[in-house]
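Presented below is the structure to which this report refers.
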Amino acid sequence: MKKSSLALTIALLPLFAFAADISGTWTASFDTQIGVQSYTFVFKVDGAALTGTAKSANGEYPIEEGKVDGNAVSFVENMMYQGMPLKMTYTGNVVSDNEIQFTRDVAGIAKEELVAKRSQ
């Protein structure tokens, strides 16, 4: 009995270790300390690796350090703001096929909540 339970657990393990497929275009608009920000994210998932771009009125920047682990998503946007480098760290969870809830850490200075919605 123990062997069959172990075999079943091992057989089902890949079902729980999947990475959510968030590849595609996502948009978000949210309040920040400098006003409403509107973003377009283009995500590309390859296994657990997340790449792509983050585009806003401040420019378009590559997604760095991107990871997808089950429904957990994280990445970094290293942007320039008023001529200064600014690191934005995003952590979030896929809540449906069309919605990701993120917390954005702005260089350790501020945290903002946002919801990205699939547009394609």
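Legend: residues Tyr90, Tyr81, Tyr61, sorted from most to least accessible area (1.4 Å probe; ligands, DNA and RNA excluded), read Tyr81, Tyr61, Tyr90.
Computed extension length for Thr91-Glu60: 9.2 nm, one decimal, from 0.36 nm per residue of separation with the Cα-Cα distance subtracted. Here the translational diffusion coefficient of segment 37-120 follows from Stokes-Einstein with Rh set to the Kirkwood radius across Cα pairs; for 4 °C and 1.567 mPa s it amounts to 99 µm²/s. Once all protein chains are placed together, Met84 keeps about 120 Å² accessible to a 1.4 angstrom probe.
The values are calculated or read from the model by the stated rules, or taken from the named source; none is laboratory data. Note that the coordinates shown come from a computational prediction; the quantities given were computed from them, not determined experimentally. To get the accessible areas, we keep the full protein, side chains included, count just its heavy atoms, and leave off ligands, DNA and RNA. Shrake-Rupley method; radii C 1.70, N 1.55, O 1.52, S 1.80 Å.
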